[in-house]
Amino acid sequence: MTNEAKPQARTELPPQYAPADVESRRYAQWVADGRFAASEDSDKPAYTIVIPPPNVTGSLHLGHAQDHTVIDALTRRARMRGFEALWMPGMDHAGISTQNVVERNLADEGLSRHDLGREAFVERVWQWKNEYGGKISGQMRRLGDAVDWDRERFTMDEGLSRAVQTIFKRLYDDELIYRAERIINWCPRCMTALSDIEVEHTDDEGELVSIRYGDGDASIVVATTRAETMLGDTAVAVHPDDARYAHLVGTEVELPLTGRRIPVIADAHVDPEFGTGAVKVTPAHDPNDFEIGRRHDLPNLTVMDERGTVTAHGPFQGLDRFEARPAIVAALRADGRVVEEKRPYVHAVGHCERCKTTVEPRLSKQWFVKVGPLAKAAGDAVRDGRVRIHPPEQEKRYFSWVDNIHDWCISRQLWWGHRIPIWYGPDGEQVCVGPDETAPEGWRQDPDVLDTWFSSALWPFSTLGWPEDTASLRKFYPNTVLSTGYDILFFWVVRMMMFGMYAMDGTPPFKDVFLHGLIRDEDGKKMSKSRGNGVDPLDLMDAYGSDALRFFLARNTTPGGDLVVNDEWVQAARNFCNKLWNATRFALMSGATVEGPLPDDLSTTDRWILSRLARTVEEVDAQYERFEFAKMSAALYHFAWDEVCDWYLELSKPVLAEGGEAADRTRRVLGHVLDSLLRLLHPVVPFVTEELWLALTGGEERGDSVMVAAWPTPGETDPQAEATVAALQELVTEVRRFRSDQGLKPGQRVATRLSGLTEAGLAAHENLIRSLARLDEPGDDFTATATLAVTDHVTVRLDTRGNIDVAAERARLDKALAAARKELDGCTRKLGNEGFLAKAPEDVVAKIRQRQATAESDITRITAQLAALPAA
RNA sequence: GGGCGCUUAGCUCAGCGGUAGAGCACUGCUCUUACAAAGCAGGGGUCACUGGUUCGAAACCAGUAGCGCCCA
């Protein structure tokens, strides 16, 4: 290959970036080259993040895309910084939702899971998983996720199931798992127990009915929103100090409609201020009443079955709970028992997180984790700084939860999931069976399965081979960072903390927890399946490219902050990718190179851009450390667009056109700056940077990749070059503003005489100034028709040949004068204030004095210009 | 009911004691050979309200109003 041929080939980038031509090709190449694989045998320090396992039933939404962008950026950057970076992929089995989906499919065939039987049904779910579970991995490939696919895990895999059984057995043996009859949240539609946090509370319109129990002097009025539960009342409770009812405590009243007599009891938990101060007690159908019942040895009378159908004998038997309510109120009314009815009465009602059905508190025998000691350890790990939560404000939520935690109901009346490893003997014995143990002959296994979060809680180490002492586990545990939305802090993060520390000898599962916000639609509403306002990330990627979506997400990801989706912003991110594309295209056309060391004796503008690059590297590193993705992205956006493209490339054009050694040096600096910029951007926008970096460096033939290029380190800053270029920018901008105000066409060149450049330190840059401001040298017939005094030093005389719009110029100067006067007034007022002079720090006073002086000279200069204007 | 947080330009947000900022949107002029998915220039804010602290408050304190989230 000849030297001439190569640069020629390198200029052949099309004028627009076409993501579709690049993305799938690059991703396939990365996978083929094994770029994502992490090795436990590596000498490099480990950097580990596990994917928050998506539900196998679903597909990724924008919230996942945001989370994946963050994780991918962190791990890609870690890899470039020399870490053995592992991003662990996988999915969870999503017990309730998956079972629901498959049951719905069965229903279409007119079948229920009971028609199939347990074994066949579970087989059916596996079939479904194998058929449809692939959608998510396809989405991840489109997003560019650099996950180690060879390590992909599923919570129902054999190894992970073994981990579940192992930890269950350990917790059971440590008496941290127990079975008890309690009031739990029951979903009558899913027909299973739910944990507290799987219940969503909303303010719903209901009714408040006041009912008189007993008769005459021995009557007492109670209020309820759930009249149908009165069939199961076993007491009426009042506060012990409530004088109104003191005479009734210890007596019995007749329960309407049933003829049963129930006691009036005194309990300190009754609020005498609420309603009549007397409450009906239904221990089998309300958690608070259950506690009262326990304290007073009341019978638990269950009057509804697991479908929410009334089972109490009598006229209401067989009615659904929502039919029974009006029927019972009507009967009470007919009986003269209803004292008052409030309708609508707004109160908090619990709903099943998965299907939104109203949750029924139900007395039943379930398995629980005793979380007290586990939560204590999890809280301490954050309190003593072993685990840091970003942003720190979220720590309060974390603490309030681990400090006030309730035992965790882990059994679910489902078939899809990890079956509880407890076996019952013929005489009521029970045994917990470990992974390599078998239950005694003839014993029966508990029919229930475990909450999905029980297995998700093991994710940071079960995916690495635990309970085996694997090399992977030793290398990659604890994880470095855990990134997820703040909405699942309790669902998942706390539980990983509890189980991780329990299983791994007190070592927390990760060092940093990064919590980002939720995605909202354009109206600011939270995106959710039930609202139907979700956006498919694939649609946005199809329209604008993966990098555009990723850059948009990164640029709007703040610790704890929500993100509003707007098509125009994704478009703006797409435009940014195109800008990068064209900057590199220009560089290639200009012969930019990455070969050899940076030359000495660089020009001021070369030193300036290198100084700005150094500051950008520092800024990007600092923001990454703080998980400030928005600020990190903004720093790169600003550097790339405003400094490299808008100024450095424009400043380079005349130098490159000139040719010679100066041009060679600039070609080298240009190559260096773009090389560094592409590396810095790669973790966020992997595809376009790979394509451009390979083109710029010629790395394609070497089988190279920006993925494994070293992360830039900050170079020297050059304050002197920065000051000079700042002055140059001010001068050029001032001339451009004048031109624009005067209505001069952008391309129109204007003969101009510049004076005072030497004093301003800009003498060496006159040709650059002329190039950027489109100013020609004055000819023989030069006549200054307008004068600009830009700073104290520089005067610009322009020959606009009578085209001067005096009114426009006067308006502009008047405005500038007003601003300068306002500034002068402010400064003078401050400096005339003795309190300010006496108490303000010296540097502040000096700064104000400086500003006062500048304002004064501005006023003098502008006033002179105004005076020099021809009369209107 | 308890707790936490928010209120700054049309939108989304940054700034958290010392000249009110960014991106997008908007207006004007331009196809100036990297890019019209662009360039250049510009307009736009009593920093929710009321008090207080301070030489100085968007920022600190107290209260008010509205909004949001979490937990019960």
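The values are calculated or read from the model by the stated rules, or taken from the named source; none is laboratory data. Please read all numbers here as calculations on a predicted model, not as lab measurements. Backbone-built Cβ (ideal geometry, glycine too); neighbour counts: all protein chains shown. Please note that ligands, DNA and RNA were not included when accessible areas were found on the heavy atoms of the full protein model with its side chains. Shrake-Rupley method; radii C 1.70, N 1.55, O 1.52, S 1.80 Å.
General observations
- Of residues in the stretch A:14-35 being more than 13 Å from RNA strand B (Cβ to nearest atom) and assigned to a loop (DSSP other than H, G, I, E, B), the one farthest from the chain's Cα centre (by Cα): A:33
- Selection status of residue A:690, free of Cβ contacts under 8 Å to residues at least 12 places away in the same chain, among the acidic types (Asp, Glu) and away from RNA strand B (no atom under 14 Å from the Cβ): no
- Residues satisfying the stated conditions in the stretch A:252-282, i.e. exposed (fewer than 14 other Cβ atoms within 10 Å of the Cβ) and over 23 Å from residue A:303 (Cα atoms): A:268, A:269, A:271, A:273, A:274
- Set side by side, the residues A:655, A:669 differ, and just one is in a helix (DSSP H, G or I), β-branched (Val, Ile, Thr) and within 14 Å of RNA strand B (Cβ to nearest atom), which is A:655.
- Filter pass, residue A:379 being farther than 23 Å from residue A:93 by Cα, within 15 Å of RNA strand B (Cβ to nearest atom) and open to solvent by less than 20 Å² (accessible area, probe 1.4 Å): no
- Subset of the stretch A:744-784 [of a type in the set (Val, Ile, Thr), surrounded by fewer than 15 Cβ atoms within 10 Å (Cβ to Cβ) and within 18 Å of residue A:801 (Cβ to Cβ)]: A:783
- Which listed residue, of A:163, A:120, is part of a helix (DSSP H, G or I), open to solvent by less than 60 Å² (accessible area, probe 1.4 Å) and closer than 24 Å to residue A:48 by Cβ: A:163
- Among the residues here, residue A:46 does not qualify as farther than 29 Å from residue A:574 by Cα, assigned by TED's automatic domain parsing to the domain that holds residue A:138 and at pLDDT below 95.
Listed here are the residues, each with its yes/no results for (1) modelled with pLDDT of 95 or more; (2) within 12 Å of RNA strand B (Cβ to nearest atom); (3) β-branched (Val, Ile, Thr).
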{"residue": "A:561", "(1), (2), (3)": "no, yes, no"}
{"residue": "A:565", "(1), (2), (3)": "no, yes, yes"}
{"residue": "A:593", "(1), (2), (3)": "no, no, yes"}
{"residue": "A:599", "(1), (2), (3)": "no, no, no"}
{"residue": "A:617", "(1), (2), (3)": "yes, no, yes"}
{"residue": "A:625", "(1), (2), (3)": "no, no, no"}
{"residue": "A:631", "(1), (2), (3)": "no, yes, no"}
{"residue": "A:634", "(1), (2), (3)": "no, yes, no"}
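- Among the residues examined, residue A:466 qualifies as crowded, with 18+ Cβ neighbours inside 10 Å, closer than 17 Å to residue A:160 by Cα and over 28 Å from the mean Cα position of the chain (by Cα).
- Looking only at residues in the stretch A:825-866 that are farther than 30 Å from residue A:785 by Cα and either in contact (Cβ under 8 Å) with a residue 24 or more places away in the chain or of a type in the set (Asp, Glu) (or both), the one that is farthest from RNA strand B (Cβ to nearest atom) is A:828.
- Of the listed requirements (1) open to solvent by 20 Å² or more (accessible area, probe 1.4 Å); (2) modelled with pLDDT of 95 or more, residue A:683 misses just one: (1).
- Which numbered condition residue A:306 misses (of (1) within 30 Å of residue A:94 (Cα to Cα); (2) out of contact with any Phe, Trp or Tyr (no Cβ under 8 Å at 6 or more places or on another chain)): (2)
- Top-ranked residue in the stretch A:815-824 [being closer than 12 Å to residue A:851 by Cβ and more than 8 Å from RNA strand B (Cβ to nearest atom); ranked as least open to solvent (accessible area, probe 1.4 Å)]: A:820
- Only one entry in A:103, A:40 is surrounded by fewer than 23 Cβ atoms within 10 Å (Cβ to Cβ) and part of a loop (DSSP other than H, G, I, E, B), namely A:40.
- Filter result for residue A:391 (at pLDDT below 90 and out of contact with any helix residue (DSSP H, G or I) (no Cβ under 8 Å at 6 or more places or on another chain)): yes
For every residue, the table says whether it meets (1) touching a Pro at 6+ places or on another chain (Cβ under 7 Å); (2) in a loop (DSSP other than H, G, I, E, B).
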site: A:423; (1), (2): no, no
site: A:435; (1), (2): no, yes
site: A:441; (1), (2): no, yes
site: A:461; (1), (2): yes, no
site: A:467; (1), (2): no, yes
site: A:490; (1), (2): no, no
site: A:498; (1), (2): no, no
site: A:508; (1), (2): yes, yes
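- Within the stretch A:540-559, restricting attention to residues that are near RNA strand B (Cβ under 10 Å from one of its atoms) and closer than 30 Å to residue A:392 by Cβ, the residue that is most open to solvent (accessible area, probe 1.4 Å) is A:555.
- For the residues A:748, A:729, the requirement of being assigned to a loop (DSSP other than H, G, I, E, B), of a type outside the set (Val, Ile, Thr) and within 11 Å of RNA strand B (Cβ to nearest atom) singles out A:748.
- For the stretch A:568-591, the count of residues that are among the acidic types (Asp, Glu), within 12 Å of RNA strand B (Cβ to nearest atom) and either part of a helix (DSSP H, G or I) or buried (at least 17 other Cβ atoms within 10 Å of the Cβ) (or both) is at least one.
- One residue from A:600, A:675, A:642 being surrounded by fewer than 24 Cβ atoms within 10 Å (Cβ to Cβ), of a type in the set (Asp, Glu), in contact with a helix residue (DSSP H, G or I) (Cβ under 7 Å, 6 or more places away or on another chain) and not assigned by TED's automatic domain parsing to the domain that holds residue A:517: A:675
- Just one of the listed residues (A:688, A:725) is at pLDDT 95 or above, of a type outside the set (Gly, Ala, Ser) and in contact with a Phe, Trp or Tyr (Cβ under 7 Å, 6 or more places away or on another chain), namely A:688.
- Some residue of the stretch A:779-788 being of a type in the set (A, V, I, L, M, F, W, C) and away from RNA strand B (no atom under 16 Å from the Cβ): yes
- Residues located in the stretch A:434-459, provided they are open to solvent by less than 10 Å² (accessible area, probe 1.4 Å) and closer than 15 Å to residue A:165 by Cβ: A:434, A:446, A:449, A:450, A:451, A:454, A:455, A:457, A:458
- Residue A:170 vs. criteria closer than 28 Å to residue A:105 by Cβ and either open to solvent by 30 Å² or more (accessible area, probe 1.4 Å) or outside the structural domain of residue A:472 (by TED's automatic domain parsing) (or both): no
- Condition broken by residue A:386, with the remaining ones in (1) at pLDDT 90 or above; (2) over 25 Å from the mean Cα position of the chain (by Cα) satisfied: (2)
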